[in-house]
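For reference, the structure is listed below as structure tokens.
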Amino acid sequence: MKLKNMKLEELELLSYSDLTYKILKEEKRTMNTATVFHKICDLLGYSEDDFSSKIGDYYTSLNNDKRFVMLDNGEWDVRDNHAIDLSLDEDDDELISDEEENEEEIDEIEEVVDEEEIDSVVEDDDLDDDDDLEDLAILDEDELEETE
């Protein structure tokens, strides 16, 4: 349903972002923040004081809503109207191949770490052999000098 055919009660139920979306879709053109918000204020019967006090929050809501995109000229449009152009150049291809090489290196390091963990477990088993310690005696310095 077009905005001009909606009752005030229906319009008041819509958020500013929803109203903006409908306005931009119906008008099929880009608009700056003030122009769109003036249209919203006119639809809702807001005064100039209301406009001035609410436009900051309105701008913030547009920035946070992913349905909208701000163009280079400072005007808003519906994101659906703008394709995102992704192109990879040679540097990007090098980054991708570097990432693959890094993943291979990480896998190799993880294998070495796993082997070291196994070795450390074997070394820890040797520490449990306390049988040799029973025959040891503690000598103080005097006794040590006598044995020399």
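The values are calculated or read from the model by the stated rules, or taken from the named source; none is laboratory data. What you see is a predicted model; the values in this text were computed from it and never measured. Counting neighbours? That spans all protein chains shown, and the Cβs are built from the backbone with ideal geometry, glycine included.
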Determine if the stretch 20-34 includes at least one residue that is out of contact with any His (no Cβ under 7 Å at 6 or more places or on another chain), part of a helix (DSSP H, G or I), surrounded by fewer than 16 Cβ atoms within 10 Å (Cβ to Cβ) and hydroxyl-bearing (Ser, Thr, Tyr). no
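Results for (1) within 30 Å of the chain's Cα centre (by Cα); (2) modelled with pLDDT under 90; (3) among the β-branched types (Val, Ile, Thr), shown as yes or no for each residue.
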{"position": "5", "(1), (2), (3)": "no, yes, no"}
{"position": "19", "(1), (2), (3)": "yes, no, no"}
{"position": "25", "(1), (2), (3)": "yes, no, no"}
{"position": "36", "(1), (2), (3)": "yes, no, yes"}
{"position": "46", "(1), (2), (3)": "no, no, no"}
{"position": "53", "(1), (2), (3)": "no, no, no"}
{"position": "56", "(1), (2), (3)": "yes, no, no"}
{"position": "75", "(1), (2), (3)": "yes, no, no"}
May I ask you to list the residues in the stretch 113-148 that are modelled with pLDDT under 70 and not charged (D, E, K, R)? 113, 118, 120, 121, 122, 127, 133, 147
